[in-house]
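A short worksheet on the structure shown next.
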Amino acid sequence: MINVRLFCLLLLLAVSVKMNAQRNAICRFLQPEDSLMQASGNIPAFTIYKDNYIITGTSFAGGKVTKYNSDAKFQISLRHRLYRKLLPYRLYTFLTYTQKSFWAIYRSSAPFTETNYNPTLGIGRNFISEGRIAWSTMLQFEHESNGRDSIWSRSWNRITFMGIYNMNCNFTFQAKVWIPMMLSEYNKDISRYSGIGHLAATYNNNNGRLSCSVLMVKRGGWNFNANWQIGIAYRLFRQDNQYLYLQFFDGYGESMIHYNDFRRYVRLGFVIKPSGNSIF
């Protein structure tokens with residue numbers, strides 16, 4: 001099982017090398033609306049969706065680094081566009097699949113302690129302004145679970161709506177809200193910890209080498225409580241799409257099985273990014 005997962009990750013890293021040329025093509029050149037829509041149709045049907053990474057780090061629980069408070073975490077995320085041509089009203093449909101795994105790599109048997117599976121079906125639309133894609137919206141049905149049964153089962157389904165605003169070539173803002181439904185009996189209160197929506201901001205410098213992101217997930221309740229994730233990525237080679245990646249997580253809901261446990265982790269590793277906006 002470990003070898004299969006590693007093979008998939010290495011294959012994804014190899015494919016991502018070809019994506020860097022597309023990353024800022026629309027942002028660099030102002031184009032007529034029809035040309036941009038045609039370019040959107042030429043985007044590969046099968047591509048990266050969210051950031052794909054492998055990172056390792058520790059929570060520093062107990063004041064020192066041990067094999068019990070350190071791990072590796074990796075995410076694989078892909079998107080498949082169901083129909084290459086735009087639908088009426090310039091809509092497009094797509095499937096996504098995201099898998100996030102937690103690996104106790106420093107323990108004697110190096111077990112995978114948790115894997116979360118997140119397939120979605122969605123419909124989206126891009127909005128053109130001043131010769132560029134200024135807005136993107138997505139409506140999705142999402143399932144997320146850890147693939148386990150009995151008292152270890154964790155799962156929920158959501159209807160989500162996401163909006164992405166490209167302010168300019170450097171700053172992108174994202175908002176997402178969801179309606180949870182069909183919750184597992186063992187995580188009925190998951191919205192209290194894993195949230196009801198999120199806000200995110202991403203900064204990319206002019207040469208495309210540095211990328212910084214902040215994600216805030218609003219937890220349930222009327223008071224100001226949130227889960228935070230901060231990422232800093234630096235592209236190692238100008239023509240490739242691999243970045244050195246530092247991630248900090250603080251809050252609840254990092255994994256399904258521990259959705260109601262507070263976690264604070266710092267991890268370092270590598271990430272490959274989608275050709276357009278980073279999705280959270």
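The values are calculated or read from the model by the stated rules, or taken from the named source; none is laboratory data. Bear in mind the structure is a predicted one, so any value in this text is a computation, not a measurement. Positions of Cβ are generated from backbone atoms using ideal geometry, with glycine treated the same way; all protein chains shown enter the neighbour counts.
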* Structure fact -> Residue hits (region 207-265; among the acidic types (Asp, Glu), surrounded by fewer than 16 Cβ atoms within 10 Å (Cβ to Cβ), over 12 Å from Arg192 (Cα atoms) and at pLDDT 95 or above) are Asp250
* **Close pairs from region 224-244: first closer than 11 Å to Ile272 by Cβ, partner outside any strand (DSSP E or B) and among the basic types (Lys, Arg), Cβ under 8 Å, at least 6 apart** => Ala233/Lys273; Arg235/Arg209; Asn241/Arg23; Asn241/Lys273; Tyr243/Lys273
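Here is a yes/no grid of residues against (1) closer than 18 Å to Val217 by Cα; (2) part of a strand (DSSP E or B):
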| position | (1), (2) |
| --- | --- |
| Gly124 | no, yes |
| Arg158 | yes, yes |
| Met162 | yes, yes |
| Asn168 | no, no |
| Phe173 | yes, yes |
| Trp178 | yes, yes |
| Glu185 | no, no |
| Arg192 | yes, no |
| Ala200 | yes, yes |
* Structure fact -> Scanning region 69-87 for residues that are of a type in the set (Ser, Thr, Tyr) and surrounded by fewer than 18 Cβ atoms within 10 Å (Cβ to Cβ) gives Tyr83
* **Of all residues making up region 51-65, the number that are buried (at least 20 other Cβ atoms within 10 Å of the Cβ) and of a type outside the set (Gly, Ala, Ser)** => 5
* Asked: Can you pull out the residues in region 192-206 that are hydroxyl-bearing (Ser, Thr, Tyr) and under 18 Å from Phe173 (Cβ atoms)?
  -> Thr202, Tyr203
* Asked: Can you find a residue in region 64-86 that is modelled with pLDDT under 95, over 25 Å from Val271 (Cα atoms) and either assigned to a helix (DSSP H, G or I) or under 17 Å from the mean Cα position of the chain (by Cα) (or both)?
  -> no
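Quick grid of which residues meet (1) within 16 Å of the chain's Cα centre (by Cα); (2) in contact (Cβ under 8 Å) with a residue 24 or more places away in the chain:
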residue	(1), (2)
Ser109	no, no
Glu114	no, yes
Ile123	no, yes
Ile128	no, yes
Ala134	no, yes
His143	yes, yes
Gly147	no, yes
